[in-house]
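Structure, as structure tokens:
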Number of protein chains: 2
Amino acid sequence: MSNSDKSVVSRLRKLIGEGAYRPGERLGEVAVSEQLGVSRTPVRLAFRTLEQEGLLQRAGKRGFMVREFTDADVLCAVEVRGVLEGLAARRLAEQGLSADLDAELQVWIQKGRELLAKGYLEERDIDAWSELNHHFHEAIVGSAGSPVIGDAIARNNHLPFAAADSIVIDSEALDREYRKLQLAQIQHELVVQALRHGEGARAEMLMREHAFIGLRYGELLGLGAGPGGAR
Amino acid sequence: MSNSDKSVVSRLRKLIGEGAYRPGERLGEVAVSEQLGVSRTPVRLAFRTLEQEGLLQRAGKRGFMVREFTDADVLCAVEVRGVLEGLAARRLAEQGLSADLDAELQVWIQKGRELLAKGYLEERDIDAWSELNHHFHEAIVGSAGSPVIGDAIARNNHLPFAAADSIVIDSEALDREYRKLQLAQIQHELVVQALRHGEGARAEMLMREHAFIGLRYGELLGLGAGPGGAR
DNA sequence: AGGCTCTACTTTGGATCCAAACACAAGATT
DNA sequence: AATCTTGTGTTTGGATCCAAAGTAGAGCCT
């Protein structure tokens, strides 16, 4: 999976994510290969990968089609991430978190505090939050004692809307996003608190709830409906 | 993925599961293709699929290696299945189970009762249990409202030891297996009971615990250690 | 003698070719 | 007139060929 091969997979992933192909549309190997300017071989390899990731689906016996996702699918994908990250957090709490990990988590907590300290949100803060959020989640999942959990989460995250760092969408309503991130920050801190005290059940439930922040919290935080619900 | 392609994937999966290749061993495309009597192309496709399934791992920049699994990985895989099936059960309880599904679950419960009614276990009962157990789990997962959960479980089940129907291993100690299946049957019935009453949390926890039956229950059910623990 | 570099070989990735399977359509038969 | 059958065209799967990247080994230089 050298340059081109990986790039075909990610280029296709991006195209599908952007909705370049209609859901349910059949994808022919030749058509895609011409469109991407490569031969059929890497496209065939990419199709298999994307099928495993769940973005493509076999269309009868002949080729693949773009899988379509309903609102229920989106909700489920978020819940799946929730229970898996919850599992990681619980295991971590039960086995006790190491001094190293404690320190690392503290770093991301601190960065979050600093980011939100000034009381409002700028455009460029969004990337910074994405970054630290990613590190925070990865630190927990990566220390759960086995890569199996992380792998399961990674596979789930291939669904474009399920990933943890797809929280911030709306760079228009920065004040609402600010309140959302404030909540996320508190949840991060509560999770760390629970982890430190070995409170497995609490850590798990907090992590589960935290998964919903991109989905159900928009409605609460004011300013009407807005794009806080399902994508 | 016609005959041969699918067969290469499953043949390789089987070979790896049987331990034909040592964990950590590097797999060359040419070697495997010669061994299986096909060209390199289907092997290349299969490697990508098996990588996504988690059975193979990239070995640096050069090819793939057989992934090795520790006891912790096995435990985690079982826990992952537990939380995912638990999620499915909870969702089902929350949304209320349809009359159709209720009837179907009752069928598998009934078959389980009949299987265990005679008070002991024969060799051929094992397959019958595998069958009904599979149907029972699939009925619940398949009705959770979205294929996303089922997909996540299916991907997890690619790890050979994680699948729900890898419960019964030991056809020597049929009396111990009988007691194990008795417990499994009770757990099935309790899950259905909880589902009927809309008890989401109970259904979830029962399902989670049920996942451990192949792993931790052997020790309890007597006759010393035996192959009830991690493989 | 140890380390660096250059070369040759191994191995993977991409492209193309050929065969087989499947779908669609048109025609023939009952 | 409806259905079955046959034929053609499209599309995927498998094999082989070629190129590129990487590794190991040997030789040379310090």
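For a distance above 24 Å, tell me the whole-number percent of Cα pairs in region B:1-157 that qualify.
When every Cα pair of region B:1-157 is considered, 52 percent fall beyond 24 Å.
Solvent-accessible area assigned to carbon and sulfur over region B:71-228 amounts to 53 percent, based on a 1.4 Å probe. Largest to smallest in accessible area, the residues B:Glu29, B:Glu204, B:Glu209 fall in the order B:Glu209, B:Glu29, B:Glu204 (1.4 Å probe, all protein chains included). For the protein assembly as shown, lysine pairs separated by 8 or more sequence positions, or belonging to different chains, with Cα-Cα distances below 21 Å total 8. Taking region A:183-208 and a reference point 7 angstrom along Cα→Cβ of A:Glu131, no backbone N atom is nearer than 12 Å. Annotation: A:Trp108 carries an accessible surface of approximately 40 Å², with a 1.4 Å probe and no ligand, DNA or RNA atoms counted.
With the whole protein complex present, A:Asp71 retains an accessible surface near 100 Å², based on a 1.4 Å probe.
Taking 7 Å steps out from each Cα toward its Cβ at B:Arg40 and B:Asp71 produces label points 4.2 nm apart.
3J(HN,Hα) along region B:50-65, derived from phi through the Karplus expression 6.51 cos²θ - 1.76 cosθ + 1.60 where θ = phi - 60°, amounts to 5, 5, 4, 6, x, 7, 10, 9, 5, 9, x, 9, 10, x, 10, 9 Hz, with x in place of Gly and Pro.
Each of B:His137, B:Phe212, B:Phe161 was placed along the dipole of region B:94-217 (beta-carbon charges, centred on the mean Cα), and the one lying farthest toward the positive end is B:Phe212. Charged neighbours of B:Arg90, selected by a Cβ distance under 13 Å, balance to -1 (K, R count +1; D, E count -1).
Could you order B:Arg58, B:Arg176 so the one with the most accessible surface comes first? Probe is 1.4 Å.
The ordering from most to least exposed comes out as B:Arg58, B:Arg176.
Report summary: the helix-based calculation at 222 nm, which adds -39500 (n - 2.57) for every DSSP H run with n ≥ 4 and divides by the residues of chain B, gives -21000 deg cm²/dmol. Give me the percent relative contact order of region B:71-228, please, defined on Cα pairs under 8 angstrom at least 6 residues apart. It rounds to 41 percent for region B:71-228. Within the assembled protein chains, the solvent-accessible surface assigned to B:His134 is about 80 Å², based on a 1.4 Å probe.
The residues of chain B present an accessible area of 45 Å² per residue when probed at 1.4 Å with all protein chains retained. About its Cα centre, chain B has a charge dipole of approximately 920 debye under the convention of +1 per Lys or Arg Cβ and -1 per Asp or Glu Cβ, with nothing else charged. Taking the C-alpha atoms only, the angle from helix B:200-211 to the longest principal axis of chain B is near 50 degrees.
Label sites at B:Asp100 and B:Arg216, each approximated as a point 7 angstrom past Cα along Cα to Cβ, lie 3.7 nm apart. What percentages, rounded to whole numbers, describe P(r) for region A:3-66 computed over all alpha carbon pairs with 10 Å bin width beginning at zero? The percentages, shortest bin first, are 23, 64, 13, 0. With a 10 Å cut-off around each Cβ of A:79-85, the average count of Cβ atoms from other chains is 6. Here the 3J(HN,Hα) profile of region A:138-153, calculated from phi with Karplus coefficients 6.51, -1.76 and 1.60 at θ = phi - 60°, is 5, 4, 5, 5, x, 10, 7, x, 7, x, 4, 5, x, 4, 4, 5 Hz, Gly and Pro shown as x. Positive end of the dipole of region A:3-66 (Cβ unit charges, origin at the Cα centre): among A:Pro23, A:Met65, A:Ser39, the Cα lying farthest that way belongs to A:Met65. Among the residues of A:60-69, the average count of other protein chain beta-carbon atoms within 10 Å of the residue beta-carbon is 1. The distance separating the Cα centre of region A:114-150 from that of region A:40-89 comes to 24 Å. Among the residues of A:148-160, the average count of other protein chain beta-carbon atoms within 10 Å of the residue beta-carbon is 5. Surface burial for A against B, with a 1.4 Å probe and both sides summed, reaches about 3300 Å² of accessible area.
The values are calculated or read from the model by the stated rules, or taken from the named source; none is laboratory data. Note that the coordinates shown come from a computational prediction; the quantities given were computed from them, not determined experimentally. Using ideal geometry, Cβ is built from the backbone for each residue, glycine included, and neighbour counts are taken over all protein chains shown. For accessibility, only protein heavy atoms count, side chains too; no ligands or nucleic acids. Shrake-Rupley method; radii C 1.70, N 1.55, O 1.52, S 1.80 Å.
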